[in-house]
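**Q** Before we start, here is the structure in question, set down as structure tokens.
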Amino acid sequence: LSEGQRRRCEMVLALAHRPELVVLDDPALGLDALARRELLWTTLDLLRERGATVLFTSHVLQDVERVVDDVCLLD
């Protein structure tokens, strides 16, 4: 499997039991921009539909700006 395919499989396994709280620690690390965007949007859209709470971390601020409602920056 490619890195992007492996990440999608990991995400499916993690979300299969419909958790109420999901912690995503830089889930798209190492993926190219297109694969990163697809993984994040698909995952977060699904979680929003389910009403799940998501704690999302990333070093890519563009990803954060696109997908979050509230931001906390750690220095």
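The values are calculated or read from the model by the stated rules, or taken from the named source; none is laboratory data. Computed from a prediction, not measured in an experiment: that's the story for all the values here. What goes into the accessible areas is simple: the full protein's heavy atoms, side chains included, and nothing from ligands, DNA or RNA. Shrake-Rupley method; radii C 1.70, N 1.55, O 1.52, S 1.80 Å.
**Q** Residue by residue through the stretch 22-64, note down the ones that are open to solvent by 70 Å² or more (accessible area, probe 1.4 Å) and among the basic types (Lys, Arg).
**A** Passing the criteria: Arg37, Arg48, Arg50.
**Q** Looking only at residues that are open to solvent by 70 Å² or more (accessible area, probe 1.4 Å), in a helix (DSSP H, G or I) and among the hydrophobic types (A, V, I, L, M, F, W, C) in the stretch 1-21, which one is farthest from Asp63 (Cα to Cα)?
**A** The extreme case among them is Leu13.
**Q** Report whether or not Arg37 is farther than 26 Å from Ser2 by Cα and under 12 Å from the mean Cα position of the chain (by Cα).
**A** In short, no.
**Q** With assigned to a loop (DSSP other than H, G, I, E, B) and within 15 Å of Glu10 (Cα to Cα) as the only criterion, which of Leu29, Leu24 stands out?
**A** Leu29 is the lone residue from the list that is assigned to a loop (DSSP other than H, G, I, E, B) and within 15 Å of Glu10 (Cα to Cα).
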